[in-house]
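Novice: After the structure tokens below, expect a handful of questions from me.
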Amino acid sequence: MNDSIVIIPTYNEKENIEKMIRKVFSLDKSFDLLIVDDGSPDGTALIVKTLQQEYPERLSLLERGGKLGLGTAYIAGFKWALQRTYDYIFEMDADFSHNPDDLIRLYKACSEEGADVAIGSRYVTGVNVVNWPISRVLLSYFASKYVQIISGLKIHDTTAGFKCYRRKVLETIDLDAIRFKGYAFQIEMKYTAYKYGFRLKEVPIIFINRMEGVSKMNSDIFGEALWGVIWLKFFKFR
């Protein structure tokens with residue numbers, strides 16, 4: 001078993017999932033993969049099951065009965081990983097908006113540079129987003145600034161979803177107490193790690209909007225983040 005597991009939640013990612021799996025397994029650093037599929041009607045899980053015959057030791061699949069939310073998918077994946085011996089546990093999207101090559105940089109930030117949580121950051125060196133409409137870039141950028149101001153988090157990309165956790169971070173956080181399921185989940189996890197005194201380090205990445213498949217982003221997700229950060233600041237650690 002490798003020391004690292006990459007958790008990828010999926011819902012209708014048939015266009016991307018095989019290419020993503022093969023790309024991760026082609027990297028110089030060896031990573032295991034856990035796909036958490038929320039009952040994709042397009043056959044995403046079937047593609048993963050077929051590839052498990054090729055990668056029986058490195059590729060795992062956790063199937064859930066329906067679309068239950070990004071946060072709960074990651075929580076399920078975290079619990080699965082903690083039942084095993086992984087030291088480094090990653091979050092990553094299936095759609096290539098996160099470059100799999102950057103997994104190695106996030107790994108080194110934790111394994112060699114002392115970070116407890118390494119964050120693939122779109123905003124630590126400016127605005128590094130490709131193929132988003134300007135309205136969405138501005139919304140995402142200023143949402144991160146809003147979270148930064150309200151919460152006191154000392155990072156630029158507070159809503160980033162490309163991360164590496166040291167095992168001890170996820171063992172320390174009460175995963176059952178994580179409240180949010182959507183966009184605010186990413187904020188809550190960072191804020192909780194920060195409040196527990198873990199070291200968060202941003203690693204600059206270039207975020208490229210998906211080329212295939214359909215985005216799962218909607219206005220409700222942004223609304224959860226808007227109000228969720230106020231709850232985090234004033235109520236979570238009372």
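The values are calculated or read from the model by the stated rules, or taken from the named source; none is laboratory data. Predicted model only: the values in this text are computed from it and were never measured. Cβ: placed from backbone, ideal geometry, glycine included. Neighbour counts: every protein chain shown.
Novice: Just name the residue that is farthest from the chain's Cα centre (by Cα) out of those in region 165-191 that are part of a helix (DSSP H, G or I) and hydrophobic (A, V, I, L, M, F, W, C). Let's see the steps before the verdict.
Specialist: If we filter region 165-191 for residues that are part of a helix (DSSP H, G or I), which is where we start, we get 167-172, 175-177, 183-191.
Now narrow it down to the ones that are hydrophobic (A, V, I, L, M, F, W, C): 169-170, 175, 177, 184-185, 187, 189.
Details: V169: 15, L170: 13, L175: 15, A177: 18, A184: 12, F185: 10, I187: 11, M189: 10 Å.
The residue in question is A177.
Novice: Could you list, in sequence order, the residues of region 6-25 that are of a type in the set (F, W, Y) and in a loop (DSSP other than H, G, I, E, B)?
Specialist: Scanning region 6-25 gives a single hit, Y11.
Novice: Among the listed residues Y55, Y86, Y74, identify the single one that is in contact with a strand residue (DSSP E or B) (Cβ under 9 Å, 6 or more places away or on another chain), buried (at least 17 other Cβ atoms within 10 Å of the Cβ) and part of a loop (DSSP other than H, G, I, E, B). So that I can check it myself, show each step before the final result.
Specialist: On the way: Y55 fails: buried (at least 17 other Cβ atoms within 10 Å of the Cβ); Y74 fails: part of a loop (DSSP other than H, G, I, E, B).
Testing whether each residue is in contact with a strand residue (DSSP E or B) (Cβ under 9 Å, 6 or more places away or on another chain), buried (at least 17 other Cβ atoms within 10 Å of the Cβ) and part of a loop (DSSP other than H, G, I, E, B) leaves just Y86.
Novice: Please identify the pairs in which a residue from region 69-98 that is over 25 Å from I206 (Cα atoms) and of a type in the set (F, W, Y) has its Cβ atom under 9 Å from the Cβ atom of a residue that is modelled with pLDDT under 95 and assigned to a loop (DSSP other than H, G, I, E, B), counting only partners at least 6 apart or on another chain.
Specialist: Y86/M1; Y86/N2
Novice: Could you look through region 16-51, keep only residues that are under 16 Å from the mean Cα position of the chain (by Cα) and among the charged types (D, E, K, R), and pick out the one that is surrounded by the most Cβ atoms within 10 Å (Cβ to Cβ)?
Specialist: Per the criteria, the residue is D37.
Novice: Right, here's the next one. Find all pairs meeting these conditions: Cβ atoms under 9 angstrom apart; at least six residues apart or on different chains; first residue within region 53-66 and more than 16 Å from F31 (Cβ to Cβ); second residue part of a loop (DSSP other than H, G, I, E, B).
Specialist: E63/D38; E63/G39; R64/D38; R64/G39; G65/D38; G65/G39; G66/D38; G66/G39
Novice: Go through region 1-15 and report how many residues are of a type outside the set (G, A, S) and either under 16 Å from D102 (Cβ atoms) or crowded, with 22+ Cβ neighbours inside 10 Å (or both). Reasoning before the result, please.
Specialist: Initially, region 1-15 is screened for residues of a type outside the set (G, A, S), giving 1-3, 5-15.
Then drop every residue that is not either under 16 Å from D102 (Cβ atoms) or crowded, with 22+ Cβ neighbours inside 10 Å (or both), which leaves 5-11, 13.
Total satisfying the criteria: 8.
Novice: Taking the condition of being aromatic (F, W, Y) and either under 18 Å from D28 (Cβ atoms) or within 12 Å of the chain's Cα centre (by Cα) (or both), how many residues in region 91-107 meet it?
Specialist: Narrowing region 91-107 to residues aromatic (F, W, Y): 96, 107.
Now restrict to residues that are either under 18 Å from D28 (Cβ atoms) or within 12 Å of the chain's Cα centre (by Cα) (or both): 107.
Matching residues across region 91-107 total 1.
Novice: Considering region 103-156 alone, what residues qualify as being within 14 Å of N209 (Cβ to Cβ) and either part of a helix (DSSP H, G or I) or in contact with a Lys or Arg (Cβ under 9 Å, 6 or more places away or on another chain) (or both)?
Specialist: N128, V129, N131, I134, S135, R136, V137, L139, S140
Novice: May I pose another question? Limited to region 158-178, what total is found for residues that are of a type in the set (A, V, I, L, M, F, W, C) and at pLDDT 95 or above? Spell out how you get there, then give the answer.
Specialist: Of the residues in region 158-178, the ones of a type in the set (A, V, I, L, M, F, W, C) are 160, 162, 164, 169-170, 173, 175, 177-178.
Now narrow it down to the ones that are at pLDDT 95 or above: 162, 164, 169-170, 173, 175.
Adding up the residues that qualify gives 6.
Novice: To continue, here is another question. So, in region 1-52, how many residues would count as being in contact (Cβ under 8 Å) with a residue 60 or more places away in the chain, closer than 20 Å to C164 by Cβ and in contact with a Phe, Trp or Tyr (Cβ under 7 Å, 6 or more places away or on another chain)?
Specialist: Qualifying residue count for the region: 10.
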